[in-house]
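Contents: one structure, followed by commentary.
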Amino acid sequence: MQRTRALASALLLAAGGAAAEAPPGGEVGYVFTDLFWSVYQTGDASECPQGFNDGPREQFAALYPEPARLDVATTQLAQEIATWHPTTEPEGFPFYTVEGPYAYGLDLDGKTSPDDFEHPDGTPGIDNAVYRAVGCIIGFRGPDGVEHIFQSKAIKDEAYNRMMINLTGVDSLADDDSVTVTVYRGRDELLTDATGENIMPGGTQRVDRRWGEPLIRETSGRIEGGILTTEPIGELVIPWQNLQVPSIHRIRDARFELRLDSTGAEGLLAGYADVDTWYYQLIRNDSTHHLANGQISAISLYKALRRLADAHPDPGSGENTAISTALDVRMTQVYIVDEASQAASP
Amino acid sequence: MTSLSEWGSRGRRAALSLVAAFAFGASLPGVAGEENARSWREVPMPPGFQVIVSELEGPVFADADGRTLYEWPQHVLRNGYSGEAPGTPGCYDEPTTVTAGLMSPYPAGIPLPELDTRPACTDLWPPVLAEEDAEPVGEWTILERRDGALQWAYEEQPLYTSARDRRPGDVLGGTRRRYQRDDPAYRVPVGPPPALPPGFAVKATSVGRMLTTASNDAVYAYAEDDAEASACRGACLQRWAPVTAPALAAAQGDWTLLERSPGVRQWVFRGQPLYTHRLDRHSWSQQGSDVPGWSNVFLQPAPAWPAGFTVQATLAGNVLADREGRTIYVYYCADDSADQLACDHPVDTQVYRLAMCGGGDPQRCLAHWPYVLAGEGQESPNRTWTIVTIDPRTGRFAADDAPGALRVWAYRDRPVYTFGGDERPGDVAGGGTGEWRGMRNGLRAFWLRDDYMQGIL
């Protein structure tokens, strides 16, 4: 919560007293402009005392010091098989998880357990096992990690990713004990300034009812001190595309905690990510080449995700199918227009 | 004109009669008709070559035997280049034996699979050889190969035929569909330029040869229009922009002109005044076709898919699906050799496909990526969608009566699949499976409409 407040301070200052006023018609919309797995990083990476993990390039070199004596099937394809048909079997490489006490995120289960983190503001019980898995992988760390770079760009450039929330029944952006929050996908480009880089408030987004109807969700929330907290959404599907492969994430029990003002919103989206969906999104959108640039061994990461999964056990096997997570989210105000459904093309 | 293959030798003997049979501008039965006969620009050709209209790729050059001609343009991949620079043949008869290192992060120099049966580049891509007394004609020139043999080139790209093509009009070796940096260096069929006025272009897509502006904006027609009158006026023009013609433009072939108002003339194609859609968000869009009465314009529609196949909406557009609504996938593969040999066909090595679909286990492949079975009594509707017999234990073609063989649907002679992980119609969870997001050794969904992927069709 403290971080949410700190990150949003500039927005709040800019908005001045506007937050206390009701938005026109009691309605305000926001479009996602940043969305990425929340990673708590210190300057000296003290949360990763054993260093960062090796990636596909390093693992290949270790496994096959003389590949010219072997062949494609027993080297290159063997690694691809291990990537696309992953297992939880132990491997010969160490995997470094986050060992620090702190993480951003929310207390999803209302409990404080040994595997939980503490929020930097002192809040206990933070559930964010995805961070524990990816926090010591260079590709997931900002601002230069390959995943961080790709997603930061794709969320703005790819209309497929154009998620937004619409708040209705809003009496005040500072305090309101009951608002309705609807999640939509938009259809339009983002409004930018003349540089084309900076997203500006005041744009218009049409609701995507042509392809995006399955993404629409509704929940309730309350605003206290300018911070929106929503009730969990059973399963939020987040469209997640880069490099022209349309993928998704499935976040169960998803909830928002956002600092609001009249120009934007910023905070967290947290819940339990379906592990298989999470993993296959990663490797479908990024080839081993891309993963190698971020020293992301999908083979090793899968084992960690499975090991650290902490929710929604499979009724048959009892193994957890979902993993707690939090995403940093930043949004810009837009006017959301819900046009009548258009006829399907022949 | 000669060719290295046995078929070429036979063809050479029969060249004269076949030239007569495939007269210039010939069309295949059930493919063309008068519309296609006017759809390309005649170019000078050396004796013995011809233009054939294929049902998928449109007009292509072919040799006297009707074999489609291909080029192998140089292509920039992540770690280097492959393909041929203009004027420089690069496909020879020594089989490559090691990887080229184009599949980053894997290094070069790793022995390729099945070396004992690995074909040479020219086994799959016989060069189109020229006689010693052959003369260049127009864009057709003659190159000297490093063994001294002469090879025909078009626009300086060396020409080849494909071992995959079996009948005149087959274009099974390659496609003109758009490929990008992470795709292999594909072979591409070569043909005469389409007969278009300046300012227009044609894009090969999964749904047909789409007419666009030269800047790749989709072009639309309105059902209420005819060649003499446009019904789109007033408020309609806020959404639709007539494609206007310059003052000196003249009607020719399929193309005529409509004077919307004094001095403002609109292009008309096959009787349909043309527009662009102001709300289209990207190139080659189909978004305008959502508006009742409006449709994209094609020079040639794609051949019909099998009866019973369906179209399903996804989060990103439409995909082709089987009778139950399961998304159809196509396997793509080219190996990491300097030759960039394809590995996506049942007669190619199956090592790559089996690795992706089942970790090397054919049974797991059948569970994860089942073939799309053809129904009893179903027949191939055309030469693009065919029914083939596959041995599921090997992935290779089998005799029709072979024990355990499956009768399955194939697109361009390659079996198609569904994905075991797709749970409901519209799921595309298998898309992008495999190396390089399914582009170099993997599976991609059969998209019919792309609203978000910027021209993936």
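Hydrodynamic analysis of the range B:207-247 uses the Kirkwood radius over alpha carbon pairs. Inserted into Stokes-Einstein at 20 °C and 1.002 mPa s, it gives a translational diffusion coefficient of 179 µm²/s. Farthest towards the positive end of the charge dipole of the protein assembly as shown, among the residues A:L167, B:P370, A:P120, is the Cα of B:P370, using unit charges on the Cβ of Lys, Arg, Asp and Glu.
Dividing the helix sum by the residues of chain B, where each DSSP H run of 4 or more adds -39500 (n - 2.57), gives a mean residue ellipticity at 222 nm of -2000 deg cm²/dmol.
Look at the stretch A:285-296: the mean tally of other chain Cβ atoms within 10 Å of its residues' Cβ atoms is 4.
P(r) tail, the range B:159-268: Cα-Cα pairs separated by more than 24 Å, 42% of all pairs. Neighbouring Cβ atoms from other chains, within 10 Å of the Cβ of residues in B:356-368, number 2 on average.
For the range A:17-89, the calculated P(r) over all alpha carbon pairs, in 10 Å bins from 0 to the bin holding the longest distance, is 12, 23, 20, 18, 11, 10, 6, 0 percent.
Geometric descriptor of chain A, per residue, is 171 Å³ (volume of the convex hull of the Cα atoms). Averaging the Cα positions of each part gives two centres, and for the range A:214-248 and the range B:362-407 these lie 42 Å apart. Each semi-axis of the equivalent ellipsoid for the range B:63-111 is √(5λ) with λ an eigenvalue of the Cα gyration tensor; in descending order they amount to 26, 14, 10 Å. Hull volume per residue, based on the alpha-carbon atoms of the range B:256-337 and their convex hull, is 216 Å³. Counting beta carbons within 10 Å around each of B:L258, A:L173, B:L279 and listing the fewest first gives the order B:L279, B:L258, A:L173.
Could you please tell me the mean projected area of the C-alpha convex hull for chain B, averaged over all directions and given in square nanometres to one decimal?
23.4
Close amide H contacts of A:L228 (hydrogens built in the peptide plane, cut-off under 5 Å, sequence separation of 5 or more or a different chain): A:L258, A:R259, A:L260. Of all lysines in the structure, not one has an alpha carbon short of 21 Å from that of A:K156, not counting any fewer than 8 places away in one chain.
The ranking of B:H345, A:H289, A:H85 from fewest to most other beta carbons within 10 Å of each one's beta carbon is A:H85, A:H289, B:H345.
Kirkwood hydrodynamic radius computed over the range A:124-169 comes to 12.9 Å, based on all pairs of distinct alpha carbons. Note on the range A:26-143: Cα convex hull, mean projected area over all directions, 11.8 nm².
Rounded to the nearest 10 degrees, the angle from helix A:275-285 to the longest Cα principal axis of chain A is 80 degrees.
By the helix-only formula, in which each DSSP H run with n ≥ 4 contributes -39500 (n - 2.57) and the sum is divided by residues, chain A has a 222 nm mean residue ellipticity of -6000 deg cm²/dmol.
Around the amide H of A:F36, modelled in the peptide plane, lie the amide H atoms of A:D328, all under 5 Å away and 5 or more residues distant in sequence or on another chain.
Put in line by how crowded their Cβ is, counting other Cβ atoms within 10 Å and starting with the fewest, A:D171, B:D147, A:D107, B:D336 read B:D147, A:D171, A:D107, B:D336.
Over the range A:126-263, the alpha carbon radius of gyration divided by the compact-protein estimate 2.2 N^0.38 Å works out to 1.13.
Work through the residues other than A:Q281 whose Cβ is under 12 Å from its Cβ and net out their charges, Lys, Arg +1 and Asp, Glu -1.
Numbers: positive: A:R250, A:R284, B:R437; negative: A:E147, A:D274, A:D276, A:D286.
It works out to a net charge of -1.
Charges were assigned to the Cβ only: +1 to each Lys and Arg, -1 to each Asp and Glu. The resulting dipole of the range A:180-238 about its Cα centre is roughly 220 debye.
Using only atoms on other chains, find how many Cβ atoms lie within 10 Å of each Cβ of peptide A:63-72 and report the average.
Across the residues of A:63-72, the mean count of other-chain Cβ atoms within 10 Å is 5.
For A:K303, the lysines whose Cα falls under 30 Å of its own Cα, not counting residues fewer than eight places away in the same chain, are A:K111, A:K153. Computed 3J(HN,Hα) for the range B:200-210, one whole-Hz value per residue from the Karplus formula 6.51 cos²θ - 1.76 cosθ + 1.60 where θ = phi - 60°, is 10, 8, 10, 10, 6, 9, 5, 10, x, 8, 7, glycine and proline marked x. Basic side chains Lys and Arg get +1 at the Cβ, acidic Asp and Glu get -1 at the Cβ, and with that the dipole of chain B about its Cα centre reaches some 1040 debye.
Taken about its Cα centre, the range B:98-156 carries a charge dipole of roughly 480 debye when the Cβ of each Lys and Arg holds +1 and the Cβ of each Asp and Glu holds -1. Sorted into 20 angstrom bins from 0, the C-alpha pair distances of the protein assembly as shown split as 15, 43, 33, 9, 0 percent. Using every pair of distinct Cα positions in the range A:237-346, the Kirkwood expression returns a hydrodynamic radius of 16.5 angstrom.
Read the figures in this text as sums done on the coordinates, not as results from a lab. What you see is a predicted model, and the numbers here were worked out from it, not measured in a lab. Counting neighbours? That spans all protein chains shown, and the Cβs are built from the backbone with ideal geometry, glycine included.
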